[in-house]
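Below: the structure, in structure tokens.
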Amino acid sequence: MEGISQRLRIWRKTILKMTQNEFSKLARMNIGMIRKYEQDDDERGLPGAKSLIALSRTGINIHWLLTGQGEMRASSVIGEVREDNNIYAEGISRLQAIEQILSGIEDEKRKIVIDELYSRALEAKRLSELENAIRRIVKNFDK
């Protein structure tokens, strides 16, 4: 009989095609908890409310996860999850490549590169926030 642990593994591996590490980052959960939930189907291993909320970030239908009934995907995120996961997977791949490149650089230069990457990421975030604010202003102005 298929339990929560099997359904969670099916969701992560077959539908999202993610490793436990990638999945834990998407759900914003400790990887140890993901491992526990995928291995353990007794009552002590059942996800609590906070964990279910975190798991829902991946687009899984919590009703399906708990009961095996209904659709696997939460209805409001069917299209969005796949696109977000592709973007997320690409980001993880790039970060791993950057990590490998940085491992071959001496410490002082590595710190400079990391500081520059961080600075650019913050700038991109600020720019995005400004663009969103301008869109809201224009939208309100058009009303």
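What follows draws every value from the coordinates through simple rules; no lab data is involved. Keep in mind that this is a model prediction, so the values were computed, not measured. Neighbour counts run over all protein chains shown; Cβ positions are idealised from the backbone, glycine included.
Ignoring lysines fewer than eight residues from K36 along the same chain, the ones with Cα atoms less than 20 angstrom from its Cα are K13, K17, K25, K50.
The charge dipole of segment 4-79, taken about its Cα centre with unit charges on the Cβ of Lys, Arg, Asp and Glu (plus for the first two, minus for the last two), comes to roughly 320 debye. Less than 5 angstrom separates the built amide H of I60 from those of A74, all sequence-distant by 5 or more or on a different chain. The candidate values are (i) 27, 22, 10; (ii) 42, 18, 11; (iii) 34, 25, 12; the one derived from this structure for semi-axes √(5λ) of the Cα gyration tensor in Å carries the label (iii). Rounded to whole numbers, the Karplus 3J(HN,Hα) couplings from phi for segment 129-143 are 5, 5, 4, 5, 5, 5, 4, 5, 5, 4, 4, 5, 5, 6, 6 Hz, using 6.51 cos²θ - 1.76 cosθ + 1.60 with θ = phi - 60°, and x at Gly and Pro. Taking 0.36 nm per residue of separation and subtracting the Cα-Cα distance, full extension of the segment from Q6 to R135 would add 42.0 nm. Only Lys, Arg, Asp and Glu carry charge here, each on its Cβ (+1 for the first two, -1 for the last two); on that basis the chain has a dipole of about 320 debye about its Cα centre.
Near the amide H of M18, within less than 5 Å, lie the amide hydrogens of K13, all on another chain or at least 5 residues away, with H placed in the peptide plane.
In sequence order, segment 13-25 has phi-based couplings of 7, 8, 7, 8, 6, 10, 6, 4, 5, 4, 5, 5, 5 Hz under the Karplus curve 6.51 cos²θ - 1.76 cosθ + 1.60, θ = phi - 60°, and Gly or Pro positions carry x.
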